Amino acid sequence: MRVARLAAAYLASRPLLTALNATMLALGVATITFLLLVTHQAEERLARDAKPVDLVVGAKGSPLQLILSTVFHADVPTGNIGLQDAQAIIANPMVASATPLALGDSFRGHRIVGTDASFLGLYDAKVAQGALFADEMEAVVGAVREGTGTDDASWRGKIQPLDLVCAGDMSLFECTLRTNDNILQIVRR
């Protein structure tokens with residue numbers, strides 16, 4: 001009982017120091033709690049995104065960059081392998097399923113992902129409105145979750161079905177002058 005009284009008397013005699021120590025303790029506990037929550041969320045997200053992927057085949061370059069860009073969509077993509085090479089891998093009888101990805105172009109800062117319908121199956125994604133692409137050079141405009149800091153509403157609503165857009169952030173006029181290979185048509189809803 002004497003020790004508790006002595007400690008209480010010490011704390012009462014130095015109120016500023018006591019408040020500072022209590023604040024520092026609270027900040028330390030809050031920081032550790034925050035880090036544990038962020039770590040748990042990150043591990044859960046990484047495990048969920050990588051679960052359906054057993055092997056990634058890509059162009060020569062950094063393996064880490066290849067995984068980050070293709071599986072987690074978080075880094076600058078490495079180069080793409082040729083279509084014939086991808087088709088040979090897909091046709092291999094030892095391959096149960098394969099999802100081809102062609103990355104590199106963008107439209108107003110948003111990544112264009114060249115793929116087939118199996119890409120949506122990897123992430124259990126669905127088309128909210130309209131239809132999935134059926135022909136080459138057709139595009140489906142994806143959604144960005146609001147509140148993530150990556151939501152760019154400046155172009156939303158300005159792209160309509162059957163509009164033509166150009167990959168590589170060129171104007172449609174520049175794109176037509178250079179090559180018609182970069183022109184994508186938005187799929188009808």
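The values are calculated or read from the model by the stated rules, or taken from the named source; none is laboratory data. Owing to the predicted nature of the structure, the values given are computational and were not obtained by experimental measurement. So basically every Cβ, Gly included, is an ideal-geometry build from the backbone, and we count neighbours across all protein chains shown.
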Within region 45-58, restricting to residues that are touching a residue at least 24 places away in the same chain (Cβ under 8 Å) and in a helix (DSSP H, G or I), the one that is nearest to GLY114 (Cα to Cα) is ASP49
Of the residues LEU55, LEU16, LEU66, which single one is over 24 Å from ALA125 (Cβ atoms) and either at pLDDT 90 or above or of a type outside the set (Ser, Thr, Tyr) (or both)? LEU16
Options GLY61, GLY104: the member that is assigned to a loop (DSSP other than H, G, I, E, B), surrounded by fewer than 13 Cβ atoms within 10 Å (Cβ to Cβ) and on the phi > 0 side of the Ramachandran plot: GLY61
Anything in region 80-101 that is farther than 12 Å from LEU55 by Cα and either surrounded by fewer than 13 Cβ atoms within 10 Å (Cβ to Cβ) or among the charged types (D, E, K, R) (or both)? List them, or say none. GLY82, LEU83, GLN84, ASP85, GLN87, ALA88, ALA91, ASN92, PRO93, MET94
Which condition number in (1) surrounded by 15 or more Cβ atoms within 10 Å (Cβ to Cβ); (2) in the same structural domain as VAL141 (by TED's automatic domain parsing); (3) without any contact (Cβ under 8 Å) to a residue 24 or more places away in the chain is the one that LEU122 fails? (3)
